[in-house]
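Worksheet: the structure to be examined is printed underneath.
The values are calculated or read from the model by the stated rules, or taken from the named source; none is laboratory data. Being a predicted model, the structure only gives us computed values, none of them experimental. Neighbour counts run over all protein chains shown; Cβ positions are idealised from the backbone, glycine included.
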Amino acid sequence: MQGKVYQILAGYYDIKSGDKIYRVRGAGKLRHNNLTPLVGDEVIFENEFLIKILERKNEMIRPKVANIDQVIIVMSLKEPDFSSFLLDKFLAKVYHLDSQITILLTKKDLYDGNNFKVDFYLKNQDTYLISMQNLEEYKGISNLFDNKVNVLMGQTGVGKTTFLNLISDNDFLTQKISKSLGRGIHSTRVVRMIDFLNGQLVDAPGFSSFEIDFDPLELARTFKFYKNFEYKCKFRTCQHYEEDEKICSVKQEISKQNIPLWRYENYVKILLEVRESKNKRNF
């Protein structure tokens, strides 16, 4: 049978096939071949054993999730104030997935509409401004989840849980997680997938972490400076920092004012953090 991994707990895999959840163990040949199933994997199972992992289209390292269709990043316009740097850290963490990215900027009712950085994301990313006071706005974007495996991330205090409860018109998420784990949403310790609206929602510790786990070169190759941006640097190892403008297409685009300097500065700060993190891991 074929199904999708919804949860991994204590060596067991909860796989949904049709309308039923099956709890199985991993076959020995998976361990022998050093293959580890992840939440979101499409798999083949039989006789209470998971025997094959089908090809993944993407995966995250931390938290461990596969086959993500859409990442929804929730940020606040006010209280706390909008931070382009924090938003770019989230974006840097997920650009490599090559999945759809949607940005939700909450507390529109407190926003005066005057922020050129917000305007940049409205132009270059799928970005929505929403008010916690306007339920119609939530209903208007409820189809974002349709037929997709979705992950939600964002800084603390921006209303992620409130957003999910409003868009589903109840406290569905909190009830679902509390019931399945016997504890509250804030103490979630395992990765799981739940059916949400007309799609799936992955809930996991780590989605709000600012730590970027991959190599500086991968960051340099995947960071999207603006919509439809293409790297044309002379060398594939270019990290768009120490290199001369003559060989770096990013620096050339900055000179042409196609890339805002503030966004490049965000990228450099992230790059230096990733380098420092890598050095600590290798120490």
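What pairs come up if the first residue lies in region 132-152 and is more than 15 Å from F196 (Cα to Cα), the second is part of a loop (DSSP other than H, G, I, E, B) and of a type outside the set (A, V, I, L, M, F, W, C), and their beta carbons are under 8 Å apart, counting only those six or more places apart or on different chains?
Within 8 Å, the pairs are M132/K107; M132/G159; E137/S131.
List pairs: first in region 48-72 and touching a residue at least 60 places away in the same chain (Cβ under 8 Å), second of a type in the set (V, I, T) and part of a loop (DSSP other than H, G, I, E, B), Cβ under 6 Å, 6+ apart or cross-chain?
Correct list of pairs: P63/V191.
Could you please let me know if E59 is surrounded by 12 or more Cβ atoms within 10 Å (Cβ to Cβ) and either within 28 Å of E211 (Cβ to Cβ) or aliphatic (A, V, I, L, M) (or both)?
yes
Exactly one of (1) surrounded by fewer than 18 Cβ atoms within 10 Å (Cβ to Cβ); (2) at pLDDT 80 or above is unmet by L105. Its number?
Status for L105: all satisfied but (1).
Is it the case that region 82-105 has a residue that's of a type outside the set (G, A, S) and more than 28 Å from I259 (Cβ to Cβ)?
Among the residues of region 82-105, not one is of a type outside the set (G, A, S) and more than 28 Å from I259 (Cβ to Cβ), which makes the answer no.
Hand me the list of strands (runs of 3 or more DSSP E) wholly inside region 52-136 holding 1 or more residues that are farther than 30 Å from E230 by Cβ.
Per the criteria, 70-76, 100-106.
Would it be correct to say that S83 is under 22 Å from the mean Cα position of the chain (by Cα) and exposed (fewer than 15 other Cβ atoms within 10 Å of the Cβ)?
The answer is yes for S83.
Are there any pairs, at least 6 apart or on different chains, whose C-beta atoms fall under 6 Å, with the first in region 243-259 and over 20 Å from K117 (Cβ atoms) and of a type in the set (D, E) and the second modelled with pLDDT of 95 or more and in a loop (DSSP other than H, G, I, E, B), and if so, which?
Sorted first by the residue in region 243-259, then by its partner, the list stays empty.
Considering only residues that are modelled with pLDDT of 95 or more and surrounded by 17 or more Cβ atoms within 10 Å (Cβ to Cβ), look in region 265-275 and name the one that is nearest to F223 (Cα to Cα).
Per the criteria, the residue is Y267.
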